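The values are calculated or read from the model by the stated rules, or taken from the named source; none is laboratory data. All values reported here derive from a predicted model rather than from experimental measurement. Cβ: placed from backbone, ideal geometry, glycine included. Neighbour counts: every protein chain shown. Side chains are part of the model used for accessible areas, which takes the heavy atoms of the whole protein and leaves out ligands, DNA and RNA. Shrake-Rupley method; radii C 1.70, N 1.55, O 1.52, S 1.80 Å.
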Amino acid sequence: MTAPATTTPLADAADTPAPAKPTVWRKLFRNPAVLTGLAIVLVMVFIGLIAPLIATSDPSAINPAARNRLPMAESSMRADDGTRITVKHWMGTDTLGRDVFSRVVYGARVSIFIGVAVAAISIGVGLVVGLLAGYFRWLDSVIMRIMDGLMAIPAILLAIAVVSLSRAGLLSVIIAIVVPEVPRVVRLVRAVVLSVREEPYVEAARVSGTPTLKLLIRHVLPNTVAPLIVQGTFICASAILVEAILSFLGIGIPPEIPTWGNIMAEGRQLFRVFPHNILYPGIFLALTVLAVNMLGDGLRDTLDPKMEKRG
Amino acid sequence: MSGPILEIRNLTVGLPKGGDRANAVENVSFHVNPGEIVCVVGESGSGKSVTAHSVMGLLPKGQLKATGGEILLEGENVLTATPSRLRALRGTRMSMIFQEPMTALNPVVTCGAQIDEVLQIHTDLGAAERKEKVLAVMNSVSLPDPEKMFDAYPHQLSGGQRQRIMIAQALVLDPALLIADEPTTALDVTTQAQILKLVSEMQERRGTGVLFITHDFGVVAEIAHRVVVMQKGHVVEAGTANEVLKNPQHPYTKMLINAVPPLTPAVRDEKTGPVALETVKLCKVYGGGGFFQKKREVRAASDVDIRVRRGETLGIVGESGSGKSTVARCIARLIEPSSGGIVVDNMDIARLSERQLRPHRKHCQIVFQDPYRSLNPRRSVGASIVEGPMNFGVSADAAHAKARDLMKLVGLSPDALDRYPHQFSGGQRQRICIARALAMEPEILIADEAVSALDVSVQAQVLDLLDDVRKKFDLAVLFITHDLRVAAQICDRIAVMQNGVVVEHGKTVDVFTNPQHAYTRSLFEAAPGRNFEFARVA
């Protein structure tokens, strides 16, 4: 150690490095829930990305000759150049003869996109609004009353309203899910800000003349990151579910775009005879939501210091 | 009864791997006789609480485990006792009171019912007999109106009353051994004095053996019969209170006792520098209520007039709720005063908006009580120190160069600037906070209980540092404290506050030798160990 002569013996203690703490990343990768959840989510994302490559046929191609086939059935159809090709329907076909496997694979795209988009938008909006509500006392009661109002709107009713005002589509669904989700994020962020703003280090920064915006970004914002990551995964899971519900009810994504929700909706009439139309998209949906929730639970256990002691 | 109530022989408690030492306590031996108060003294991390918790069998499961030695409670080894036997012993033969009476009591159960629970578990008395017994014990701990207190919830009582409930709960079954783990640390001095008196009275009347854990030598001088001094898990010295306090043998004990500031104020020159800070009829009223609640007003500070000169230290002394911190926070403009003026640099800053205030932020800096929360844990200490100067346009290089100088000034290595707060001890962090405050080149430094959370030995060093920087930079220091000993050491003048009002104001020597106000006198009477001259040993 090359400490100057003025250094008291006190300073020596700081020169011995603190016992190496396992980093957050290492802890995350040791958590089985995080690993399993993450693996399944990545597989789903991958499936969505390479959907055009693995789909056995065009998900919206109608083949009246091959309606309501059972899983593993084969059918042949004429390709564009006139040759006949044989297609194997891994998950059977629906009432219009569309390949369920291809539709489910394409459906992953919509579900995951909606999950991620809703989580990102509601957290982005909620973070800004929550920071403002938590830090500026005079804005607080105004913002929070508006949020209370938003929270009272059920997603499904809102979706019906949005769809009837514009038209069914991705944007309408995202708006319908984001609006009731934002107040939850705002409340979370506000709660964190309310406790952090009283911390002496935030007050010390105020006394050093740190401008408010800098203060919020530098000292307050980082404290909200961990709870927001956790909340984000839960929002993502619930958005995927709500989208499936909306599509199932026919007020979500229009039927020409396959989503797990509307595949199930279309399989509903013949459910007793041909359960595969509902079964396979249902499995994908359940698996994805389960995986995202597991990921969220694992993240919360790792990132929330209050949970650590129970370990 | 013959023989000690409690005998600890060669107790060793292992720490989990990766701790800073192998054992939390190692080869600890001492005993408690019937009707005796044994004080275990040590700084934080000395293992005194671990020892007490081992006796009660309350070590956190899976983390700490006694690996050697024995603890004999009236001849019975509690380390090998079964959980059900331990449960039977707790409450009947030994019981414990804790530091924080609010968290140690169940907030949703009435006080009477909590004492009654002990009787329900350990005796087969009928409801009427139990109630009679509870009221009797509540009476014996001098709780006013036990009938009414029986049905009160903990939050309806004051801190001192809660601690009395805890003591009543601990003593209701007449245990042979009472363990008190820093029972007065969270209390005000006047309340502390009452509780200490109560503990020694109860112990005398019932012949209970008391194992009293504390870090405060004033408390030790007040009540101990025998003293055990612990350092880093070892007993370094043990003996009667008189022996240890008057004639300490071990260098660590000597150091601890020397670090206890004497209650007699040092003679200090009168400061004649220009006035740096003046408050005029400063008031802060907290108004509660909104649309639906009734309006409630609390006057946290009313008509406070103080004046601090350059190079002078003004102490504001008072108990919790006296408004001393409110005054400090108003002056630092962390909160807005309700009325009155704060004159800094010939400018009244009391009414300025946040934007207008910014240029004046430089003049006044504050050091907080809790060193663990005063620094942003996510930023290196260097980043924390340079933040202020850079807000005022100092270049990054210049600010860093200055930070290095300041680190040297506060006795830390400049190379430590890249480290994060968790790598420093409490005292070191407090030094860093002082460096951060000095980086702004302030004229006024507010120390809000800045040494209260530190161990005595560290406290003395930080006090020295504060006094050094005051001289060096000709600072006006506003020193907020509840500790009269500390105030005696560092303050030129003292303002005593009670319920938001300055009740006495004068030179430290005058206030200490000839207190005028009744409240000031009661504070002095309550100061633990006031009649005890601690040995000044080299």
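Taken together, the residues in the stretch B:362-376 that are in contact with a helix residue (DSSP H, G or I) (Cβ under 6 Å, 6 or more places away or on another chain) and either closer than 19 Å to B:Leu282 by Cβ or open to solvent by less than 40 Å² (accessible area, probe 1.4 Å) (or both) amount to 8. The residues in the stretch A:206-215 that are more than 9 Å from chain B (Cβ to nearest Cβ) and crowded, with 20+ Cβ neighbours inside 10 Å can be counted, and the count is 1.
Here's the yes/no breakdown for (1) under 20 Å from B:Gly315 (Cα atoms); (2) within 11 Å of chain A (Cβ to nearest Cβ); (3) in a loop (DSSP other than H, G, I, E, B); (4) open to solvent by 10 Å² or more (accessible area, probe 1.4 Å):
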| site | (1), (2), (3), (4) |
| --- | --- |
| B:Leu412 | no, yes, yes, no |
| B:Asp415 | no, yes, no, yes |
| B:His422 | no, yes, no, yes |
| B:Gly427 | no, yes, no, no |
| B:Ile432 | no, yes, no, no |
| B:Ala435 | no, no, no, no |
| B:Ala447 | yes, no, no, no |
| B:Ser452 | yes, no, yes, yes |
| B:Ser457 | no, yes, no, yes |
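Give B:Val317, B:Val260, B:Val308 a once-over and let me know the one that is in contact with a His (Cβ under 8 Å, 6 or more places away or on another chain) and closer than 28 Å to B:Thr513 by Cβ. Show your work before the answer.
Numbers: B:Val260 fails: in contact with a His (Cβ under 8 Å, 6 or more places away or on another chain); B:Val308 fails: in contact with a His (Cβ under 8 Å, 6 or more places away or on another chain).
Going through B:Val317, B:Val260, B:Val308 in turn, just one is in contact with a His (Cβ under 8 Å, 6 or more places away or on another chain) and closer than 28 Å to B:Thr513 by Cβ: B:Val317.
Remark: pairs (first residue in the stretch A:280-292, free of Cβ contacts under 8 Å to residues at least 24 places away in the same chain; second residue not hydroxyl-bearing (Ser, Thr, Tyr); Cβ separation under 7 Å; 6+ apart in sequence or on different chains) = A:Gly282/A:Met264.
Looking across the stretch B:371-382, just one residue is aliphatic (A, V, I, L, M) and more than 9 Å from chain A (Cβ to nearest Cβ), and that is B:Val381. Within the stretch A:166-194, the residues that satisfy the criterion of being more than 14 Å from A:Val118 (Cβ to Cβ) and aliphatic (A, V, I, L, M) are A:Ala168, A:Val186, A:Leu188, A:Val189, A:Ala191, A:Val192, A:Val193, A:Leu194.
Please verify whether A:Arg300 is within 29 Å of A:Pro71 (Cβ to Cβ) and either open to solvent by 50 Å² or more (accessible area, probe 1.4 Å) or without any contact (Cβ under 8 Å) to a residue 40 or more places away in the chain (or both), treating the condition exactly as stated. Spell out the reasoning first.
Numbers: within 29 Å of A:Pro71 (Cβ to Cβ): no; either open to solvent by 50 Å² or more (accessible area, probe 1.4 Å) or without any contact (Cβ under 8 Å) to a residue 40 or more places away in the chain (or both): yes.
For A:Arg300, the condition - within 29 Å of A:Pro71 (Cβ to Cβ) and either open to solvent by 50 Å² or more (accessible area, probe 1.4 Å) or without any contact (Cβ under 8 Å) to a residue 40 or more places away in the chain (or both) - is not met.
Among the residues of the stretch B:390-407, the ones that are surrounded by 18 or more Cβ atoms within 10 Å (Cβ to Cβ) and facing chain A (nearest Cβ under 8 Å) come to 1 in all. The criterion of being in a helix (DSSP H, G or I), open to solvent by less than 40 Å² (accessible area, probe 1.4 Å), more than 14 Å from chain B (Cβ to nearest Cβ) and on the phi < 0 side of the Ramachandran plot does not hold for A:Ile175. If the condition is being among the charged types (D, E, K, R) and either assigned to a loop (DSSP other than H, G, I, E, B) or under 30 Å from B:Val456 (Cβ atoms) (or both), then the stretch B:42-78 contributes B:Glu43, B:Lys48, B:Lys61, B:Glu74. The number of residues in the stretch B:158-199 being open to solvent by 10 Å² or more (accessible area, probe 1.4 Å), farther than 22 Å from B:Arg90 by Cα, touching a residue at least 12 places away in the same chain (Cβ under 8 Å) and not small (Gly, Ala, Ser) comes to 9. Annotation note: Cβ proximity below 7 Å between a residue of the stretch B:356-370 that is at the interface with chain A (Cβ under 8 Å from one of its Cβ atoms) and a residue that is open to solvent by less than 70 Å² (accessible area, probe 1.4 Å) and modelled with pLDDT under 85 (sequence gap 6+ or interchain) occurs for B:Gln369/B:Ser452; B:Gln369/B:Ala453; B:Asp370/B:Ala453.
If only one of A:Val163, A:Val196, A:Val189, A:Val142 is of a type in the set (A, V, I, L, M, F, W, C), open to solvent by less than 40 Å² (accessible area, probe 1.4 Å) and more than 29 Å from A:Leu295 (Cβ to Cβ), which one is it? Even if it seems obvious, please write down each step before you answer.
On the way: A:Val196 fails: more than 29 Å from A:Leu295 (Cβ to Cβ); A:Val189 fails: more than 29 Å from A:Leu295 (Cβ to Cβ); A:Val142 fails: open to solvent by less than 40 Å² (accessible area, probe 1.4 Å).
Going through A:Val163, A:Val196, A:Val189, A:Val142 in turn, the sole match is A:Val163.
For the stretch A:112-124, indicate whether the set of residues that are closer than 16 Å to A:Arg187 by Cβ, open to solvent by 40 Å² or more (accessible area, probe 1.4 Å) and in contact with a helix residue (DSSP H, G or I) (Cβ under 7 Å, 6 or more places away or on another chain) is non-empty. Scanning the stretch A:112-124 turns up no residue that is closer than 16 Å to A:Arg187 by Cβ, open to solvent by 40 Å² or more (accessible area, probe 1.4 Å) and in contact with a helix residue (DSSP H, G or I) (Cβ under 7 Å, 6 or more places away or on another chain).
If you go through the stretch B:81-93 one residue at a time, do you hit one that is in a loop (DSSP other than H, G, I, E, B), more than 14 Å from chain A (Cβ to nearest Cβ) and loosely packed, with under 14 Cβ neighbours inside 10 Å? Walk me through how you get there before you give the answer.
Initial filter on the stretch B:81-93 (in a loop (DSSP other than H, G, I, E, B)): B:81-82, B:93.
With the extra rule that they be more than 14 Å from chain A (Cβ to nearest Cβ), the set shrinks to B:81-82, B:93.
Pick out the ones that are also loosely packed, with under 14 Cβ neighbours inside 10 Å and you get B:82.
Scanning the stretch B:81-93 turns up at least one residue that is in a loop (DSSP other than H, G, I, E, B), more than 14 Å from chain A (Cβ to nearest Cβ) and loosely packed, with under 14 Cβ neighbours inside 10 Å.
All of (1) of a type in the set (Asp, Glu); (2) open to solvent by less than 40 Å² (accessible area, probe 1.4 Å); (3) not in a helix (DSSP H, G or I) hold for B:Asp116 with one exception: (3). Looking at the stretch A:1-106, the helices (runs of 4 or more DSSP H) lying wholly inside it that each contain 3 or more residues that are among the β-branched types (Val, Ile, Thr) and modelled with pLDDT of 75 or more sit at A:32-49.
Of all the numbered requirements in (1) open to solvent by less than 50 Å² (accessible area, probe 1.4 Å); (2) among the aliphatic types (A, V, I, L, M); (3) more than 8 Å from every other protein chain (Cβ to nearest Cβ), B:Met347 misses one, and that requirement is (1).
Kindly establish whether A:Glu203 is away from chain B (no Cβ under 14 Å) and of a type in the set (Asp, Glu). So that I can check it myself, show each step before the final result.
On the way: away from chain B (no Cβ under 14 Å): no; of a type in the set (Asp, Glu): yes.
Against the criterion (away from chain B (no Cβ under 14 Å) and of a type in the set (Asp, Glu)), A:Glu203 does not qualify.
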